Amino acid sequence: MDTPESTFVDSRDFARIARAIRYIDSRFREQPKLADIASHAGLSEFHFNRLFRRWAGVTPKQYLGFVTGNAAKGALLSQPSVLDAAYSVGLSGP
C-alpha cells in the first residue's frame, strides 16, 4: 500500500523524468551528455540513469538515440543528401 511519503517520492520522480524527457526532446540536436541531462533533472548521473530506466523502460542514451533516429528519418525525406540529413539532426556524419 502506498504511503503519503512514497506517493510524494513517486510524483517527484515522475516530474524529474518528465522534465528530462522534455529536455532531451528539445535538445536532441545538441546530443546532450548524460551529465547534462542528469543535472537538469537535479540528480547524479548514476541515480538519474537508474531512475530514468525504471520510469521510461530504456536508458537516457537509448531514448536520445530513438528521438534522434526519428528526426533523421524525417530529415532524410527533406534533405538533399544523407550527410545534410545527419547534420540537421545533430549527428557528426552519415
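The values are calculated or read from the model by the stated rules, or taken from the named source; none is laboratory data. The structure displayed is predicted, hence computed values, not measured ones. No Cβ is skipped: glycine too gets one built from the backbone with ideal geometry, and neighbour counts run over all protein chains shown. Heavy atoms of the whole protein, side chains included, go into the accessibility calculation; ligands, DNA and RNA do not. Shrake-Rupley method; radii C 1.70, N 1.55, O 1.52, S 1.80 Å.
A simple count of charges around His40, restricted to other residues whose Cβ falls under 10 Å of its Cβ and scoring Lys, Arg +1 and Asp, Glu -1, yields +3. The accessible surface of segment 27-94, taken with every protein chain in place and a 1.4 Å probe, is 55 percent carbon and sulfur. Between amide H atoms placed 1.01 Å from N, distances below 5 Å from Gln31 occur with no residue 5 or more places distant or on a separate chain. Once the 1.4 Å probe is applied to the protein heavy atoms, the chain comes out at 66 Å² accessible per residue. Only helical DSSP H runs with n ≥ 4 go in: add -39500 (n - 2.57) per run for the chain, normalise by residue count and round the 222 nm mean residue ellipticity to 500 deg cm²/dmol. Taking each H run of at least 4 residues, the total per residue is -24000 deg cm²/dmol.
Sorting 20-31, 68-79 by average packing, meaning the other beta carbons within 10 Å per residue, from highest down gives 20-31, 68-79. Pick the calculated volume of the Cα convex hull per residue in Å³ for this structure from (1) 106; (2) 115; (3) 92? Read-out taken from this structure: (3).
Spatial offset of segment 23-37 relative to segment 60-89 amounts to 14 Å, using the alpha carbon center of each. Simple rule: put +1 on each Lys or Arg Cβ and -1 on each Asp or Glu Cβ in the chain, find the dipole, and look at Asn49, Gly74, Gln62; the Cα lying farthest toward the positive end is Gly74.
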